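A short worksheet on the structure shown next.
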Amino acid sequence: MLNGRKSLITVIAAASLVVTVGAIPGGSAQAQPSIDDVQHRVDRLYHAAEQASERYNQIHVQLAQMRGDVKALRADQARQQSRTEKARRIVADSIVRQYEGDSLSAVGQAVVASDPSAFVSQLNTMSAFNTMQAGQYSSYLTQAKALSIRQDATDSQLAKVARLEKEAAQNKATIAHSLAEAKSVLDKLKADERERLLESSRGSAPRISTASVPVSGRAAAAVRFAMAQIGKPYVYGAAGPSAYDCSGLTMAAWGSAGVGLPHSSSAQYGAGTHISASQLQPGDLVFYYSPISHVSIYIGGGQRISATHTGDYVRVQSLGSSIVGYARPNG
């Protein structure tokens, strides 16, 4: 019995090595991985793709907000630029009036210096600086500082946008890589084994009628919509009407009830009221993994409607494991 257990451990370790790093070119022949080994590997690749997809969705939610912030910052910066220029002209006009009739070479340099730092530098070289009205100069310095703050804020926000855009591109590449690797693994299987694996991955899809779901109000509209999508394919980034990813389905379902949700599972968790498992009602959202990368809509009886991964479709599932939280959309 002990020898049998050691043998089993050895086989599992060898299979894990194959699944993790693949075959080594030119190395010794190894046993073909079992259908379960392949199933686990493909599931991990699909999960990696979904995580990247949901992060990609989350980034786009953030970018939409940040680009709006950049637009507002630029408008505010333009208004501050106008106020700063107005203050500069007031100070410059005051200098000209004090030097009227005298040599204006230094004064002229100050008047035409549109850059705040250059303008102040010119003032520091002029005797007129000592006789200027303190209030005018102080007002100019205040406006120039405010302009600098707005310029820094705009530059900082633009840098954040650039970083997020780069991260979005990296997540998109991860999606493509994971899907391509999953396809490569599946393509190596015989047709009948591949079909059996895909069927196993999809699992059974219980048939539940809308009438059997005890729900009313906006939640009822969301559940009815989700149930009407059963059988439609999963596509990364899709939000209907012919295909969905996980957060695209829940967003569209609650959108049909007049409640707006972001196209991101983690953002949807933040947008709802957090509840406990004992408070779950049909229409509530169930969130999976840490960090959150999957969401389903609860329909009662321990069941949910979910868009799972590429090769699968929108279907009814049991709640399952890896749940990290529940939320009720506000509306």
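Values in this text are rule-based calculations from the coordinates and carry no lab data. Being a predicted model, the structure only gives us computed values, none of them experimental. Counting neighbours? That spans all protein chains shown, and the Cβs are built from the backbone with ideal geometry, glycine included.
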Exercise. Which of the lysines could a cross-linker bridge to LYS71, judged by Cα under 22 Å and excluding same-chain residues fewer than eight apart?
Worked result: LYS145, LYS160, LYS166
Exercise. Can you give the extra length, in nm with one decimal, that the chain gains between LYS183 and GLN170 once fully stretched, where that is 0.36 nm per residue apart less the Cα-Cα distance?
Worked result: 2.7 nm
Exercise. What's the FRET efficiency of ALA146 with ASP69 using the Cβ-Cβ distance as r and R₀ = 22 Å, to the nearest 0.05?
Worked result: 0.80
For this session: Evaluate Rg over Rh across segment 204-329, taking Cα atoms for both radii and Kirkwood's formula for Rh.
Result: 0.91
For this session: Report, ordered by chain and residue number, the lysines lying within cross-link reach of LYS183, taken as a straight Cα distance under 22 Å and ignoring same-chain residues fewer than 8 apart.
Result: LYS172, LYS232
Seminar exercise, completed: Subtracting the Cα-Cα distance of ARG163 and LYS86 from 0.36 nm times their residue separation yields 24.2 nm
Exercise. Please state the Cα pair-distance histogram of segment 265-324 with 5 angstrom bins from zero: what percent is in each bin?
Worked result: 4, 19, 30, 28, 15, 3, 1
